[in-house]
């Protein structure tokens, strides 16, 4: 938001370690047990967040930002540091296991054009099983404790909340109301038929509107940034084993007051005729909430010279 020159809301300022909101969090009288998530060595969600950091010009990574002290030692669940998840509890009052889960499955499919296969904490069977165990367990001091009141350090001094002065707001409203309408064209056209292994030419043209400083493209998990005033174009090679729908997104960036977005898609179809289709297993029996089981689809094609 700050990079896009938008004001930052009070909730973001409240995340500062010694903010007024944090200082007002007192001890809890409810018997508690902390389940701590630790990020896997690699995940698509963390990769996507690192791409966003690079997009705004930062050389930092999620690992180094959240681990603290520049250690980059994976002491986090992709969004929350381990120390914060513990909340001051120790020993048997914690469940801290390597369950290969992320805090949230950050797909960003509208930005990068691909879904991830990460398992987030609230969808993990391991976490659900542990929650069930704790709900059924006796409230013993060896398993349940009380989160202590937070005592954040007095320094550094929290940054004061940003407020946009009325003259600036009025100026911004005038700029938006007087902005020239823009025509946005993203090619290839929607649902263009292509083949595995094809080289796709992607182009974005913005006519009219306010100037932009670059464009961000997402195509099938790839992230492409092009700086400049446009028009923007690049080529992308489709994998030889790729079939189905491929989403392409484009977003411009710059000082505004407006930026522009468009999306399109490709339909990758095989050049050979489909002769057979099989799915295994033939049936599934799901016993738990959010349980995941592998499903394999095999396609047969008639290849001709």
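Quick one: order 227, 73, 251 by neighbouring beta-carbon count within 10 Å, fewest to most.
Least to most surrounded, the residues fall as 227, 73, 251.
What distance in nm separates the two pseudo spin-label positions at residue 213 and residue 201, each 7 Å out from Cα along the beta-carbon direction?
3.0
Compute the FRET efficiency between residue 243 and residue 190 as 1/(1 + (r/R0)^6), taking r as their Cβ-Cβ distance and R0 = 25 Å, and round to the nearest 0.05.
Taking R0 as 25 Å, the efficiency between residue 243 and residue 190 is 0.85.
If I model a spin label as a point 7 Å beyond the Cα along the Cα-Cβ vector, how far apart are those points for residue 265 and residue 224 in nm?
Label-label distance for residue 265 and residue 224, simple model: 2.0 nm.
Starting from the Cα gyration tensor of region 247-305, take the square roots of the eigenvalues, sort them a ≥ b ≥ c, and report rounded, prolate or oblate (rounded when a/c is under 1.5, otherwise prolate if a/b is larger than b/c, else oblate).
In terms of gyration-tensor shape, oblate.
Let me know the volume per residue of the alpha-carbon convex hull for region 12-98, in Å³.
121
For a footprinting-style exposure proxy, rank 205, 264, 142 by other Cβ within 10 Å, fewest first.
Exposure proxy ranking, most exposed first: 142, 205, 264.
Direction-averaged shadow area of the convex hull around the Cα atoms of region 194-305, nm²?
Answer in nm², one decimal: 10.8.
So, by mean Cβ neighbours within 10 angstrom, what's the order for 242-250, 285-293, 25-33 with the highest one leading?
Listed from highest to lowest mean packing, they are 242-250, 25-33, 285-293.
None of the figures in this text is laboratory data; all of them are computed from the coordinates on show. Just so it is clear, the model here is predicted, and its values are computed rather than measured. Because the Cβ atoms are built from the backbone with ideal geometry, glycine has one as well, and the counts that use them run over all protein chains shown.
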